[in-house]
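Quick notes on the structure that follows.
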Amino acid sequence: NARMDSPRERRMGRGPLSDSDMERLITVADDISPEWASSLRERLAEDPEEARTDFRRYGRRLFGLLMLKDSNPELYKVRVAELAIKKGIRDQAARYHAVLVDDPGEAERIAGTLKELVVQSIDLELRARALELQALDTAVREMRSRLMNEVDDSLTKADRVWQELLENPTAAEGAAGPLDGLRPGSLHGSRRRSGPGIAEPVANDPDERG
């Protein structure tokens, strides 16, 4: 029997990509570089299977951006702008070296543009990091609030568990070892950090499209 891929695998770019998946990923690519998105659409129309294989190279990271777009639109816009600027930096750097010998004047003009782009890129990177910290702080505050609610209800919970142990003869059965009562994820580092806007923010290089 053919293996059925889970929604999580499709979401993270590991399962088969449907036409809908491809279009959503191309929409993200379009926010980064319209030219890149056009190239992807052309390749998809010419050879759908080969295009799907190509998407394996950056599908997971594009899905990460897509999830970020849903969870934290503000951070998504900054990350996309940062990626677009970095593509511009690579393009301008390539032009600079291409004309440096034959047209020093043009190279000097490009160098000025390149410096402005680098400044913008660093500014966007710092803004993105600030938004990520803000999202993390929000997540921690929410976790702390839930914990305090559990503390407030601890006596009620303890009484409920105690009553169940007294009333149900089988309540304590099934614990075979000393670690069986350990809550999954309770060990430090055993659970990945999660929260609003915390996702893989980096997409692969648009210029890797070939």
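The values are calculated or read from the model by the stated rules, or taken from the named source; none is laboratory data. No experiment lies behind these values; they were computed from the predicted model shown. No Cβ is skipped: glycine too gets one built from the backbone with ideal geometry, and neighbour counts run over all protein chains shown. Note: areas computed on protein heavy atoms with side chains; ligands, DNA, RNA excluded. Shrake-Rupley method; radii C 1.70, N 1.55, O 1.52, S 1.80 Å.
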Residue 96 fails exactly one of the following numbered conditions: (1) at pLDDT below 95; (2) surrounded by 13 or more Cβ atoms within 10 Å (Cβ to Cβ). What is the number of that condition?
(1)
Condition first: in contact with a Pro (Cβ under 7 Å, 6 or more places away or on another chain) and open to solvent by less than 70 Å² (accessible area, probe 1.4 Å). Can you find one or more residues in the stretch 43-58 that meet it?
no
Counting only residues that are under 15 Å from the mean Cα position of the chain (by Cα) and either part of a helix (DSSP H, G or I) or modelled with pLDDT of 85 or more (or both), the stretch 1-26 contains a total of 6
When the stretch 112-171 is checked residue by residue, the ones that are among the polar types (S, T, N, Q), within 26 Å of residue 75 (Cα to Cα) and open to solvent by 70 Å² or more (accessible area, probe 1.4 Å) are 120, 134
Counting only residues that are over 26 Å from residue 91 (Cβ atoms) and of a type in the set (S, T, N, Q), which one in the stretch 18-42 is surrounded by the fewest Cβ atoms within 10 Å (Cβ to Cβ)?
20
Checking residue 88 against (1) more than 20 Å from residue 121 (Cβ to Cβ); (2) surrounded by fewer than 22 Cβ atoms within 10 Å (Cβ to Cβ); (3) of a type outside the set (D, E, K, R): exactly one of these is not met. Which one?
(1)
Quick one: which residue in 70, 102 is surrounded by fewer than 18 Cβ atoms within 10 Å (Cβ to Cβ) and outside any helix (DSSP H, G or I)?
102
